[in-house]
Amino acid sequence: SLEYALAAGEDALARFSNAEAARHYGYVLGAVSEMPEYAGERTRALEGLGDALSASDLFVEALKKFEELSSVADSGVVKLRALRKAHFCSYWRGDRAHSHELAAKADEYAQFDRLEYARLRLYRGFVAGRELRTKEAVEDEEAALTVFEEEFSLRDVAAALAEIVFITNWEVAIEVKLAAAL
């Protein structure tokens with residue numbers, strides 16, 4: 001039943017049925033609680049539930065799930081992904097200081113997944129850029145874009161260019177902004 005509930009949760013997320021996904025993932029978490037033999041299922045359910053909550057703009061609850069995931073996951077890749085998602089939720093719930101703390105904590109897992117760390121850097125640059133356009137923010141965004149291009153991750157390239165256009169200062173030539181947008 002756990003595998004079917006996880007599959008149903010993933011299917012519901014893919015169909016943007018966030019409440020339905022949350023129910024399936026909640027079932028899994030209730031069934032496995034803290035049993036170590038079901039650590040993999042618990043990890044998948046925590047991330048799925050966090051994704052469903054985040055997609056529903058329930059950032060406080062999603063943040064809790066992603067932080068819990070980052071503390072219980074065995075894999076450095078999963079910890080990095082959980083911290084990136086927690087960073088996103090913390091920013092959108094309005095806690096920029098905690099968002100910066102989460103991004104700094106994720107730095108220790110950078111070596112586990114180059115693409116995932118670039119996603120974190122892009123969003124860290126976006127957060128810093130929204131507050132104050134700093135040299136570090138620009139460097140984070142450009143470094144992330146380079147990784148996305150090298151890894152041929154077109155979805156990430158598109159997201160990076162959109163973020164760069166969104167937060168680029170208006171002093172930048174319109175041709176530069178237009179080129180990034182295109």
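Some points to look at:
A quick yes/no check of all residues on (1) under 21 Å from Ala144 (Cβ atoms); (2) part of a helix (DSSP H, G or I); (3) modelled with pLDDT of 95 or more:
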site: Ala8; (1), (2), (3): no, yes, yes
site: Asp11; (1), (2), (3): no, yes, yes
site: Val28; (1), (2), (3): no, yes, yes
site: Glu34; (1), (2), (3): no, no, no
site: Leu46; (1), (2), (3): no, yes, yes
site: Ala62; (1), (2), (3): no, yes, yes
site: Lys79; (1), (2), (3): yes, yes, yes
site: Ala104; (1), (2), (3): yes, yes, no
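- Qualifying residue in the range 26-42 (condition: within 19 Å of the chain's Cα centre (by Cα) and of a type in the set (Ser, Thr, Tyr)): no
- Evaluation of Glu67 against the conditions (1) crowded, with 16+ Cβ neighbours inside 10 Å; (2) over 24 Å from Glu37 (Cα atoms); (3) at pLDDT 95 or above shows that the sole unmet condition is (2).
Table: residues versus (1) in contact (Cβ under 8 Å) with a residue 24 or more places away in the chain; (2) among the polar types (S, T, N, Q).
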position	(1), (2)
Ser54	yes, yes
Leu58	no, no
Phe66	no, no
Arg84	yes, no
Phe112	yes, no
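- Verdict on Glu10 being among the acidic types (Asp, Glu) and either without any contact (Cβ under 8 Å) to a residue 12 or more places away in the chain or surrounded by 22 or more Cβ atoms within 10 Å (Cβ to Cβ) (or both): no
- The set of residues in the range 13-26 that are assigned to a helix (DSSP H, G or I) and open to solvent by 90 Å² or more (accessible area, probe 1.4 Å) contains only Arg23.
The values are calculated or read from the model by the stated rules, or taken from the named source; none is laboratory data. Worth saying up front: this structure is predicted, and the values here are computed from it rather than measured. FYI the Cβ positions are ideal-geometry reconstructions off the backbone, even for glycines, and counts take in every protein chain you see. Please note that ligands, DNA and RNA were not included when accessible areas were found on the heavy atoms of the full protein model with its side chains. Shrake-Rupley method; radii C 1.70, N 1.55, O 1.52, S 1.80 Å.
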